[in-house]
Amino acid sequence: MSLTRKQLIDLAASLHDRWTLSVYIDATTADPAARAAWKTTLSHAIHATRTETQPALRREHDRAVEQLDSWLETATIGARQGGWYAFVTEEGVAAPGELVTGAGTAVHWQKGVWILPFLSTLAQVKPALVVLIDSRTAGLHAYANGQLESRGTFRATPHGGDAPHMGDAPVQGFHGGTRGETKHDAAQRARLSASRRLLAEATRAVVDAADGEGFVVVGGTRDLPVKLREHLPPRLRERTIVLPELRRRMPRAAIVDAAERGIALLRWERDRALLEELLEHSGAHTNAVVGPIATLDAVQRGNAASVLLTPLFLTTRADDAERVLEGTLAEGGEVHLLDGAPAEELDARGGGIGAMLRFTPAYAQAGAAG
């Protein structure tokens, strides 16, 4: 499995002071005769890192390579759409797994993990929970990279049979007596009760299944999708969208297309909100900065609570991007890679990068006092 953003942050923090071999493998090929070509590429990359390693660290480097070789002997590295990764120290492989999109074959030997390729792949993943609910059934599906995976189905289950009655014996369609109730009314009440239980159960399941950053796309019939969203906690509700055109009995391909549309809308809203907050608070005497120089300074001081950057910054200033990522994650900060129009605006107004600060810098406070 691929790491989530939170798992990647935790991993970077745990290895920030350890010499680590960060390995990315791309085994994809259209030529069956070249299926093992990645091994040659990987071998050359490892040899290059050893050549560049100081003599005092080569023994530690070689032990990490031995740990990697042991893992490769048992791992099944085959051609797939994405790729593979492993972060290795002299003590063992810390976190091997699969990438949902390819990052090429590359190796870095450095103190801390090399996560720039990993973040680039995370930016291309569109994780979400798709919920389809009607009066009888609620289905939960995990969605990522064009694939739907069932996470459970819940069904409305009315309790009881005929409604209780008092007085004379009931007649067809009606329970006699002064406190009687028609069978139609009793059945309707039972259905409403079952629908409420289904809604409550589905809501709890969504809260449990949705991670700290994933989106939720809800569809179904009547007003149940809207009610489900209203019952979610505020922070999760902000990451949830209701699509009226999304129905439970739609073809699977149509559900995937709708999920993509919903995720794109939610991501745009999130990126736009993050960018607006950054730009609103940036400037003198505030708790945000934009631009490479100010952002790098904030990261080096441990003052970057969250960093926004763009794909253009990643590709044109890779070394600075890696420093920002490592420094921010090591201090427990968050990193957000913007997309689309918000990314273009940050490129134009902030050189592709900015940060929300933990505290106002001393030089800004001095300026304000003056």
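The values are calculated or read from the model by the stated rules, or taken from the named source; none is laboratory data. Since the model is a prediction, treat every value here as computed from it, not as a measurement. When we count neighbours, we look across all protein chains shown, and the Cβ atoms used for this are built from the backbone with ideal geometry, even at glycine.
Being basic (K, R) and at pLDDT 90 or above is not true of R248. Every test in (1) basic (K, R); (2) surrounded by fewer than 17 Cβ atoms within 10 Å (Cβ to Cβ); (3) more than 20 Å from L11 (Cα to Cα) is passed by R323 save one, and that test is (3).
To keep it simple, each residue is scored yes or no on (1) of a type outside the set (K, R); (2) touching a strand residue (DSSP E or B) at 6+ places or on another chain (Cβ under 6 Å).
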position	(1), (2)
E230	yes, no
P234	yes, no
R237	no, no
P244	yes, no
R248	no, yes
I255	yes, no
R261	no, no
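Output yes when any residue across the stretch 204-224 is more than 25 Å from E334 (Cβ to Cβ) and in contact with a His (Cβ under 7 Å, 6 or more places away or on another chain), and no when none is. So far as the stretch 204-224 goes, no, none of its residues is more than 25 Å from E334 (Cβ to Cβ) and in contact with a His (Cβ under 7 Å, 6 or more places away or on another chain). Within the stretch 168-177, does at least one residue satisfy the condition of being modelled with pLDDT of 70 or more and in the same structural domain as H231 (by TED's automatic domain parsing)? No; the residues of the stretch 168-177 include none that is modelled with pLDDT of 70 or more and in the same structural domain as H231 (by TED's automatic domain parsing).
Restricting attention to the stretch 303-321, does a residue exist that is in a helix (DSSP H, G or I), among the aromatic types (F, W, Y) and under 30 Å from T203 (Cβ atoms)? Within the stretch 303-321, not a single residue is in a helix (DSSP H, G or I), among the aromatic types (F, W, Y) and under 30 Å from T203 (Cβ atoms). Filter the stretch 331-354 down to residues that are hydrophobic (A, V, I, L, M, F, W, C) and touching a residue at least 60 places away in the same chain (Cβ under 8 Å) and give me whichever is surrounded by the fewest Cβ atoms within 10 Å (Cβ to Cβ). Among residues in the stretch 331-354 that are hydrophobic (A, V, I, L, M, F, W, C) and touching a residue at least 60 places away in the same chain (Cβ under 8 Å), the one surrounded by the fewest Cβ atoms within 10 Å (Cβ to Cβ) is A341. For the stretch 34-62, name all the residues that are assigned to a helix (DSSP H, G or I), of a type in the set (S, T, Y) and free of Cβ contacts under 8 Å to residues at least 60 places away in the same chain. T40, S43, T51, listed by residue number. Taken as a whole, the condition of being farther than 29 Å from A355 by Cα, in a helix (DSSP H, G or I) and outside the structural domain of A343 (by TED's automatic domain parsing) does not apply to V218. Within the stretch 71-94, the set of residues being buried (at least 17 other Cβ atoms within 10 Å of the Cβ), among the small types (G, A, S) and modelled with pLDDT of 80 or more comprises A86, A94. Within the stretch 260-310, being over 12 Å from V324 (Cα atoms), surrounded by fewer than 18 Cβ atoms within 10 Å (Cβ to Cβ) and aliphatic (A, V, I, L, M) holds for A264, L265, A273, L279, A284. Only one residue in S150, S135, S195, S120 is in a strand (DSSP E or B) and either more than 28 Å from E334 (Cα to Cα) or at pLDDT below 85 (or both). Which one? On inspection, the qualifying residue turns out to be S150.
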